[in-house]
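The values are calculated or read from the model by the stated rules, or taken from the named source; none is laboratory data. Here the structure is a predicted model, which means the values were calculated and not measured. Note that we place each Cβ from the backbone using ideal geometry, even for glycine, and neighbour counts take in every protein chain shown.
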Amino acid sequence: MDFAIRARFVLGIIGFFVSLFVVKETLALKFDPLVYELRIEGLKYLNPSYLKTKVMPIGGIHLSKIVVPYDPFIKSYELKYIGHGVALLKINEREIAFVVYAQGEYFLTSNDGYFLMKISKEKLYEATGYKIFFDIDVLNFNDDRITNPLILKDIKSVFSYEKNLEDELLEVDVKKKTLYFIKGISLKVQSFDLDRPTQEIIFKLVEDSEIGSRYLEIGKNFVHLPNR
């Protein structure tokens, strides 16, 4: 009799833990489901196959265990389970906005100052249309981005120019505050924050100047410098 009671007691304990395990696993699958397939949206620059390889292990993974690796192209992301073992990863990518030349290297850079990837001097021709910003002191950036907000403000000012003037602009010396236009024309300004009337004057100046002309802004006047 005592043996039967003990046996029922032991079986009851085992049953309790089995039930607890089943409930736990059921809740886990409901709130932290297993993912066997990952769909990715929002990519323009990153390779989806490469990203899936980095994120998804073979054989599946719980949703909470999915880790998206750091990449300067990834500004933010949203991960959600959409059912039947499938999760959706929505990526908000940084866009390439300009080229930075710093410490002897060229970087494709986003508008918030992140160095997205290096580009060789030989391949700069493939980056046609991107302006080059150079002479940024090493104290103003780290390994992955421009850290000085004043430099980012200057760059933002340049991209706020009227389209006709911006189209003529090729390179910017950030430290010397010099704008380089087509035909090798350069203009040293007091500030990159140019009002519209000043922009119109500069556009006309660039349009009418000879190849290689150099100018210096003094007050609201632009002094023609002698050719070197």
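Couple of notes before you dig in:
- Of all residues in the stretch 131-148, those satisfying the criterion of being over 16 Å from the mean Cα position of the chain (by Cα) and on the phi < 0 side of the Ramachandran plot are Lys131, Ile132, Phe133, Phe134, Ile136, Asp137, Val138, Leu139, Asn140, Asn148.
- Hits in the stretch 72-110 - residues which are touching a Ser or Thr at 6+ places or on another chain (Cβ under 6 Å) and closer than 20 Å to Arg39 by Cα: Asn92, Arg94
- Only one entry in Glu200, Glu162, Glu207, Glu217 is in contact with a Phe, Trp or Tyr (Cβ under 8 Å, 6 or more places away or on another chain) and on the phi < 0 side of the Ramachandran plot, namely Glu162.
- In the stretch 97-212, counting only helices (runs of 4 or more DSSP H) that sit wholly within it, the ones holding 3 or more residues that are crowded, with 16+ Cβ neighbours inside 10 Å span 149-158, 196-208.
- Residue check for Ile146: within 19 Å of Asn111 (Cβ to Cβ), in contact (Cβ under 8 Å) with a residue 24 or more places away in the chain, assigned by TED's automatic domain parsing to the domain that holds Phe107 and not aromatic (Phe, Trp, Tyr): yes
- Only one of the numbered conditions (1) touching a residue at least 24 places away in the same chain (Cβ under 8 Å); (2) over 26 Å from Gly104 (Cβ atoms) is not met by Leu205, and that is (1).
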